[in-house]
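This report concerns only the one structure given below.
The values are calculated or read from the model by the stated rules, or taken from the named source; none is laboratory data. For clarity, every value in this text was computed on a predicted model and none was experimentally measured. As a convention, Cβ positions derive from the backbone with ideal geometry for all residues, glycine included, and neighbour counts pool all protein chains shown.
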Amino acid sequence: MNHSLGIMTLTPQVANSYFLEIAKQSLSYPIDLYLFSPKGISPLHETVDGYYFNKESQTWETEAFEIPEYIYDRTYYQKDIQSRQAKAVVQWLKNQKHIRFLGYGLPNKWHLYEKLKKTPLSPYLPETYLVTDENHLLNLLTEYKDIIIKPVDGAHGYAVYHLVISKQGIVVRTTKKQGIMEQSFPNKEIFLKWLNRILQKHTFICQKRLLNLTKEDAPFDLRILLNKDAYGDWREFQRAIRIGEEKGILTNISRGASYRSYSDWKALQDSSWDFIEEELTDILKEMPLILEEQFSSLFEIGVDLIIAEDRSLWILDMNSKPGHKIVDELCPEKLSSLFQAPLDYCDFMASQCLSSLKRGDF
């Protein structure tokens, strides 16, 4: 008997190459594949308007169908009403005992920090503060002189600001599509007005800026993609160095950064890198297990780590809906294995009795 797996995204696109490649791989699995948006779900009738992958024609076809038994959640939410409604539907879905998600997601950056601060990952987490108001942030800036603020629910480097106290006053830098934008505030009053405006749009966390620059003065970090295999075991799928723009703030690929082969990078480093690698192996072994123990069942994680100038390791971010360009750009021979991963894990879940699954929430 075939099982049903639905790929869920806010705006389903049949031309999306990642979804289409998963669909093509599904030909050799006892899995019927669907593509839909939470906006297409009718909770009353438990049906969905979306797309079904026709294995004969190998194309997506418009169809109404029952909510699939398994769901691969690739939904990114915005601030609009539609996203809020979609979020409520997804929470309803997560509470349905006959429906299982491949991964139940992670909470926002602040809740993540609060929980993980009490785990063995604590030494690798930069000191983080939830910004309460403009005066609180000004006090943090006065104390640390050089800070980064980012939205608790942000992604893709959106609305990340670098704040620094300099001779000119307070300098704020952020990354837009057109590049780095910089603004100087000669006095605290004008700065506080600007702060008040952005704090109305987002809830921010604040961290002291960790220096991690290449010789060319570009920020860099380590991106690692972890996922589960056909036996439900965690594995490291791919790692790479991400290098941002010269004198930049971010290493997000969507903000102009690029990938560099990890092995090429390592070859240029000194012997202290072996100690870093050992520590890194330990962190990556523990991390997915700690996350699942603290929150809920997961399928894949994108991990961003900073290697500071003093060679200390810091976990910067953990994302349960990571991008996959890292494989596309650096290791195309692994692509078929990447596309098979959700199908393999769905197959594994179908073979297990998972009544005690931790389902998570927002």
Given (1) outside the structural domain of E69 (by TED's automatic domain parsing); (2) closer than 30 Å to E286 by Cα; (3) surrounded by fewer than 19 Cβ atoms within 10 Å (Cβ to Cβ), Q96 misses just (1)
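Condition test on S83, is it closer than 27 Å to H324 by Cα, hydroxyl-bearing (S, T, Y) and free of Cβ contacts under 8 Å to residues at least 12 places away in the same chain?
When the stated conditions are applied, S83 does not pass them.
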Out of all the residues in the stretch 19-46, which are in contact with a strand residue (DSSP E or B) (Cβ under 6 Å, 6 or more places away or on another chain) and either of a type in the set (S, T, Y) or not assigned by TED's automatic domain parsing to the domain that holds T9 (or both)?
-> S26, Y34
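Return the residues of the stretch 145-177 that are in a strand (DSSP E or B) and in contact with a Ser or Thr (Cβ under 6 Å, 6 or more places away or on another chain); say none if nothing qualifies. Break it down into steps so the answer makes sense when it comes.
From the stretch 145-177, those in a strand (DSSP E or B) are 146-151, 161-166, 169-176; that's our starting set.
Correct list: Y161, G169, V171.
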Among the residues of the stretch 178-186, is any in contact with a Lys or Arg (Cβ under 7 Å, 6 or more places away or on another chain), assigned to a loop (DSSP other than H, G, I, E, B) and either among the basic types (K, R) or more than 20 Å from E245 (Cβ to Cβ) (or both)?
-> no
Say we look at the stretch 106-158 and pick out the residues that are of a type in the set (K, R) and closer than 30 Å to Q168 by Cα; which of these is surrounded by the most Cβ atoms within 10 Å (Cβ to Cβ)?
-> K150
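Among the residues of the stretch 39-48, is there at least one that is among the acidic types (D, E), over 23 Å from the mean Cα position of the chain (by Cα) and more than 29 Å from L291 (Cβ to Cβ)? Before the answer, list the steps.
We begin by selecting, within the stretch 39-48, every residue among the acidic types (D, E); these are 46.
After this cut, where a residue has to be over 23 Å from the mean Cα position of the chain (by Cα) as well, the list is 46.
Restricting the remaining residues to those that are more than 29 Å from L291 (Cβ to Cβ) gives 46.
Checked the stretch 39-48: at least one residue is among the acidic types (D, E), over 23 Å from the mean Cα position of the chain (by Cα) and more than 29 Å from L291 (Cβ to Cβ).
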